[in-house]
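Structure, as structure tokens:
The values are calculated or read from the model by the stated rules, or taken from the named source; none is laboratory data. Note that the coordinates shown come from a computational prediction; the quantities given were computed from them, not determined experimentally. Neighbour counts run over all protein chains shown; Cβ positions are idealised from the backbone, glycine included. Note: accessible area is taken over every heavy atom of the protein model, side chains too, but ligands, DNA and RNA are not part of it. Shrake-Rupley method; radii C 1.70, N 1.55, O 1.52, S 1.80 Å.
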Amino acid sequence: MTGAARRERNLFNAVVLMRSEELRFRASWIALLVVGVATLGYGLVVVLLPSSGAAYLRAIGAASIGMGLFGVMITVTAFRRRERWAFYSLCYYPIFWTAHLLGNLPPVLPVGEFFPRRTQIQSPVMPPGQGT
């Protein structure tokens, strides 16, 4: 292989590598943006819809709105400018969601309200003469 052909091949490999890095970076900031918008949306739903633990869930919703809003703002500004502090700040998302999903902590949906334990399920009271 001649020197010119080798240089051309190295240049081609560098261009392919740059394009794949750009694609990965674009996918990462879009994924972070989606997570931020979803967190913001979750907070809005929790704040606006009435539920049994209203004060507690509204506080969780307000915190989720703030976290989602800040995540979106960091993603579309500093993260896209490749500022190092933004990368470390947004590492909070996977840590936060992993801890909440594995630890059954809020703001995971109140599963207990939708799927109560068997001891909590009360059988309906039948009027006399209507049961089997």
Matching residues, the range 19-46, being open to solvent by 40 Å² or more (accessible area, probe 1.4 Å) and among the β-branched types (Val, Ile, Thr): 30, 34, 35, 37, 45
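Could you tell me which of the residues 58, 6, 81 is in a helix (DSSP H, G or I), charged (D, E, K, R), modelled with pLDDT of 75 or more and open to solvent by 40 Å² or more (accessible area, probe 1.4 Å)? Before the answer, list the steps.
Details: 6 fails: modelled with pLDDT of 75 or more; 81 fails: in a helix (DSSP H, G or I).
The unique qualifying residue is 58.
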Residues in the range 29-43 that are farther than 18 Å from residue 91 by Cβ and at pLDDT below 90 total 2
